[in-house]
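Single-structure report; data block below.
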Amino acid sequence: MKKVQYRSKHPELALPSFADLPAGAITRTSVSDWTADLIMPLGAAETVALKAALGTGTLAYGPAFPGNPFAQALRARSAALTTLGERKAGVTAQALDQVIARAASCSGLSQEEISALPRLHPGTAMVQSVIFVPQGQLTWLIAHFMSMPTPTYGIRINAVLPALSEGITPLLPIQLRDAPQRLEITDFTYECLKPALGALGS
């Protein structure tokens, strides 16, 4: 209907009907798949990651999270683009997966338990995630959208990552990952401490 209305309103364009279009002018698309080349400024990519961190952080930590100093630091960070010197190339999901595997092994987790831990690196899966990486008085933020790191480097947050598991200071990453109808939350410090916590409780 819209095609007919547009042609009738613009007769000077002499637009052909759909049936008269040559085969090369018609592109058929799938209703289940969508492909696009997305290009955005680094500042926009950082804004997307920071807003995602604020939103998922509120879901993970609870309604008091927006007033937390860490959330305030996320909002402050969105006002200043990361400089070249602040970019941390070594903070990648793939490198962090190796760190977590070593920490889990040293903590007493079996190889089967280590293999069952979620991975930060998307691999072949389609992943939307936010990863908080604690480093002393700083935290690094990594975000994935459609499995692509957005931006391509860790964003430095000038604040201490708050504890997600009560009484456990985060020393390893916290992953907030989109899953069907829920947010999948993994505190890797807590996961590595499970053998010790189990021994204390027995």
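Every read-out reported here was derived from the displayed coordinates using simple, explicitly stated rules and does not represent laboratory data. What you see is a predicted model, and the numbers here were worked out from it, not measured in a lab. Cβ sites come from the backbone with ideal geometry, for glycine too, and all protein chains shown count toward neighbours.
Distant-in-sequence amide contacts of residue 183, defined by a placed amide H-H separation under 5 Å and a gap of 5 or more residues or a different chain, comprise nothing. Quick one: grab the alpha carbon gyration tensor of region 70-110, order the square roots of its eigenvalues as a ≥ b ≥ c, and give me rounded if a/c is under 1.5, else prolate or oblate depending on whether a/b is larger than b/c. Taking the square roots of the gyration eigenvalues as a ≥ b ≥ c, region 70-110 is oblate. Under 5 Å from the amide H of residue 127 lie the amide H atoms of 146, 147, each residue being 5 or more positions distant or on a separate chain, with H modelled from the backbone and absent for Pro and chain starts.
Going by the alpha-carbon gyration tensor, a ≥ b ≥ c the square roots of its eigenvalues, is region 54-182 rounded (a/c under 1.5) or, if a/c is not under 1.5, prolate (a/b greater than b/c) versus oblate? Spell out each step's value before the answer.
Working: a/c = 1.43, a/b = 1.30, b/c = 1.10.
It is rounded, given that a/c, with a ≥ b ≥ c, falls under 1.5.
Which residues' amide hydrogens lie under 5 Å from the amide hydrogen of residue 150, considering only partners 5 or more residues apart or on another chain, with H built in the peptide plane? Close amide H contacts, sequence-distant or interchain: 143, 144, 145. Test of understanding: in a Gaussian network model of the chain with alpha carbons linked when under 10 Å, which of 119, 77, 182 would top the mean-square fluctuation ranking? Its mean-square fluctuation being the largest, the pick is 182. In a reduced charge model with +1 at each Lys and Arg Cβ and -1 at each Asp and Glu Cβ, the chain shows a dipole moment near 560 debye about its Cα centre. Each of residue 51 and residue 102 was given a label point 7 Å from its Cα along the Cα-to-Cβ line. The distance between the two points is 3.8 nm. Among 108, 24, 62, the residue with the largest mean-square fluctuation in a Gaussian network model of the chain, with springs joining Cα atoms closer than 10 Å, is 24.
Over the chain, Cα pairs under 8 Å with separation of 6+ residues give a relative contact order of 19 percent.
Have a look at 168, 188, 125 and report the one farthest towards the positive end of the charge dipole of the chain, computed about the Cα centre with Cβ charges (Lys/Arg +1, Asp/Glu -1). Result: 125, furthest along the dipole toward the positive end.
A simple spin-label model places the labels of residue 76 and residue 40 2.5 nm from each other, with each point 7 Å out along Cα-to-Cβ.
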